[in-house]
Structure formats: C-alpha cells, structure tokens
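S.K.: Input: one structure, supplied below.
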Amino acid sequence: MNERLLTVKEAALRTGHKEATWRAWILRRLVPYHKFGRRSVRIAESDLVRLIKESRVPARGERT
C-alpha cells in the first residue's frame, strides 16, 4: 500500500475543522479510518478527498 495516511491533526489542518471534530466523527464512525494499536488513528488521503468531493453542495442552477 503506497497511499499516504494522514494523522487526525493533518486531516484537521487540510479541512479547517478542529481535531476534536475529526475525533468525534471517528468515534461515531462517520468517516473511514485505519486504527493501529489502541490509540493510533490515520485517515487515508483518498478517503479525505472523496469526503470533500461528496460533501459539495452545488449552487442553484449549476449543472453537475
């Protein structure tokens, strides 16, 4: 696997959300993540990109 895995802090910096928000989403399983051991959590960069694309709300009258 050559995909980059982001820390919660890196994901928060990229999206502008707080780390606490990301941790809450992870706790509620609203976002996919990888867990290593008991505490180490990583988010795949492709999952982050997909989440951003799927969250887009088009403007009125805009065709997709």
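The numbers here are math on the coordinates, done by the rules we state, and not lab data. Note that the coordinates shown come from a computational prediction; the quantities given were computed from them, not determined experimentally. So basically every Cβ, Gly included, is an ideal-geometry build from the backbone, and we count neighbours across all protein chains shown.
S.K.: For region 23-59 and region 1-20, what is the centre-to-centre distance using only Cα atoms, to the nearest Å?
M.R.: Measuring centre to centre over Cα atoms gives 8 Å.
S.K.: While we're on this one: Can you tell me which of Arg23, Arg39, Arg50 moves the most in a GNM of the chain? Springs connect C-alpha atoms under 10 Å apart.
M.R.: Comparing Arg23, Arg39, Arg50 in the GNM, the peak value goes to Arg39.
S.K.: Something else about it: Using only helices, what value at 222 nm comes out for the chain when you add -39,500 (n - 2.57) per DSSP H run of length 4 or more and divide by the total residues, to the nearest 500 deg cm²/dmol?
M.R.: On the way: 3 runs with 27 residues, N = 64.
Value at 222 nm, helices only, nearest 500: -12000 deg cm²/dmol.
S.K.: Further, regarding this structure: Along the Cα→Cβ direction, 7 angstrom out, place labels at Arg38 and Leu13. What is the inter-label distance in nm?
M.R.: 2.8
S.K.: Starting from one equal scatterer on each C-alpha and no solvent at all, send me the Debye-based log10 I(q)/I(0) for region 5-54 at q = 0.19, 0.30 Å⁻¹, two decimals.
M.R.: -0.54, -1.39
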